[in-house]
Amino acid sequence: MSEQLKIIVEQLNKEPFKKNFNLITFDSLDPMQLLQILNDVLAEIDPKQTIDIREEMPDQTVKRICALLAMLKYKPPGSLSDVSSFRQGLVTGSKPVVHPILHWLLQRVPELKKRAYLARFLVKLEVPAEFLQDDVINDTYHQYEELVEGFKTYHKECEQLRTSGFSTAEIRRDISAMEEEKDQLIKRVERLKKRVESVSNHQRMLEQARQLRVEKEREESLTHQKQEQKNQLFQAEQRLQRSQQQLKDLRQAAADANPESLIRRLEEEIKINSYMVSEKLPKELEGMRRTVQYLQKVASEPAMGQDDLHELEDKIKEVDSQINQLIEKRMMRNDPMDDKLTLYRQQASIIIRRKESKAEELQEAREELAAAERVLKQRNSQTQGSDGEEVIRSDELKRLVAKLRTKGTMYKKKRQEIAELKAEYGVLQRTEEILKQKHENLQQKLQTVEAEKGISGYSDTQEELERVSAIKSELDEKKGRTLDDMSEMVKKLNSMMVEKKSALAPIIKELRSLRQRCQDLSHEYEEKKVQYESCAAGLESNRSKLEQEVKTLREETAQDENRYHYVNCMSEIIEMQIQRAAEEMKAYVSSDPQERKKAIREMYMKNISEQELLGKKLREKQKLVRESHGVNMEQMKMWRDLEQLMECKRQCFIQAQSQASIGQVIQEGGEDRLVL
């Protein structure tokens, strides 16, 4: 019980309850507070149960809690199997009833949340059979059943997806990363193709590289086949060892078996089977028949309304009160012979229940064994039918786990390389933007320099040439100038271009020096960037290590705090017990008689002496009753005989009176007359 209380208090102090209880405060709660805590736990499992029980009638609270516990498949302990006592304990907030419920609920909160959620959709509505005769209601009910089955399938698929370990966000990130990697690989392949095309005999070299890759793949497949054959050989050796061990066990069992042990085992099996056939199975069959009859009776009756239900509840309350009165009368009678018989009856009922429970356990074990054998045969047939091999053993599983770990480390390394490539791609994008901005700045500077030198517009010469050529063509079409005019125009334009080029030659030289300087700065920037990334990676690894250390230290601190609070509570309890023991010892050794009377030992001794005196008086009274029992019985017999004698005399007197009044004989003048 103390372990149960510790678990309950520990779970109530955690999220989401945060009650801040200890063992003393929790044990000192009154029944109403205890029921409110139980209701809060049920509200955490099913939000519909959120209610203040002070605003609800006790019978409604008990009905609601019992319905939810039945839906959650809670089974009371063996001592609380009686439904009426269990309901009575819930009404009064009894600790032996509420504490096991809290212990069971708090250990299974996530599972029970899921069960309560599914019960909202999977608990079917009970529709009377006469209502289903209507076609519309019948079709609607069939649609409802189909929706329930669809919900089951969708929920199973959702759970499988949740437990499969895949995340949509992670898959999207992987797809985007793979697309980026694909683009990068395509660009890299294009660059390599351009490099290779300049090399002589590049086709022959590509063919040799292709053959090398094919041979490597072939070598890898051969090593894989070799490993598979080794595994098959190892599995065959294991099967041989198991077969030899089974043969050895069978030989040993055959050697140890003798007719007496076989007969004894068969007799035990015959006894068990005869008990199952003659006692257990007929009882179960009879119980099922009664249940079917009761259900058929209930189904044949018309639908009950609220008034009928209230009437049945009143009848149930009356019958319960009558049963309680009969039990009280029986307890007040307290016949010693009945007490002995009840003791024997209780022992017999305990033995029968124990026998029935063992028989049920045996039947369940047989069913589990048969189910396990069926599953094992099915699994063996599946594995042998698919691969022709047996289930993987522990050493093979270890090798697979090691291989998966190596692949996991390789996967992490590749992921890290991909992250580094992504970072480099971002840096290159930023570099491209910077270079574009520098190019725009240089263009602006070039325009300013052209303006300063008096040769502005050189960069727009091409556009002007195109515009002039367009104008020239239009003029040729419109005015039909001759070839001489066109040649003169070309000469003038060429001379203008030569003058512009001669004027821009020193500026172009200066621009070349600036480009060289830009390349040097870019190279220096790349070196600095590499240094920065290496330094950042080192700092990031140190930071992750420190975060892990901080996390472990926080967990240790939390564990130490929990241990401290537990030890503090236990020390308080022990101090209170020591204080009570010291007060008891002080009162016991005190010279003051009043103080000694307050001691628990003195109180118990006083109660023992009083009970002994009472028992002595009762024994003396019993002795007097036994001594006077025979005389009193004889006197009672004499009084009964006297009563019978007086009753007989009264009957004779009544009979004589009736005979005297029937008729009278009169004699007159020698004649006899009968007067009535």
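The values are calculated or read from the model by the stated rules, or taken from the named source; none is laboratory data. Predicted model, so just to flag it, every value in this text is computed and none were measured. Cβ coordinates were reconstructed from backbone atoms using ideal geometry, including for glycine residues, and neighbour counts include every protein chain displayed. Keep in mind that these areas ignore ligands, DNA and RNA; they rest on the heavy atoms of the full protein, side chains included. Shrake-Rupley method; radii C 1.70, N 1.55, O 1.52, S 1.80 Å.
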## Note on the structure
With the 1.4 Å probe rolled over protein heavy atoms, segment 513-660 has an accessible area per residue in Å² of 93
### Message
Give me the extension gain from Ser176 to Leu281: residue separation times 0.36 nm, minus the current Cα-Cα distance, reported in nm with one decimal.
### Response
31.3 nm
### Message
At 1.4 Å probe size, with the rest of the protein present, what percent of the exposed accessible area of segment 20-136 is carbon and sulfur atoms?
### Response
57
### Task
Can you tell me the FRET efficiency between Asp314 and Ile573 if r is taken as the Cβ-Cβ distance and R0 is 51 Å, rounded to the nearest 0.05?
0.60
### Task
Assign one of three labels to segment 1-123, namely rounded, prolate or oblate, based on the Cα gyration tensor with a ≥ b ≥ c the square roots of its eigenvalues; rounded applies when a/c is under 1.5, prolate when it is not and a/b is larger than b/c, and oblate otherwise.
rounded
### Summary
Cα gyration tensor of segment 478-589 diagonalised, 5x eigenvalues square-rooted, in angstrom largest first, produces semi-axes 100, 19, 9
### Query
Got a sec to turn the phi values of segment 33-43 into Karplus ³J(HN,Hα) couplings, 6.51 cos²θ - 1.76 cosθ + 1.60 with θ = phi - 60°, whole Hz, x for Gly and Pro?
5, 5, 5, 5, 5, 4, 5, 5, 5, 5, 5
### Task
Kindly write out, for segment 115-122 in residue order, the coupling ³J(HN,Hα) from the Karplus curve 6.51 cos²θ - 1.76 cosθ + 1.60 (θ = phi - 60°), rounded to whole Hz, with x marking Gly and Pro.
5, 5, 5, 5, 5, 4, 10, 9
## Note on the structure
Taking alpha-carbon centroids only, segment 422-454 lies from segment 77-150 a number of Å equal to 74
### Message
Sorting check: for 232-239, 552-559, which peptide has the highest mean count of neighbouring beta carbons within 10 Å, and how do the rest follow?
### Response
232-239, 552-559
#### Entry: Length released on extending from Glu269 to Asp27, taking residue separation times 0.36 nm less the Cα-Cα span
82.1 nm
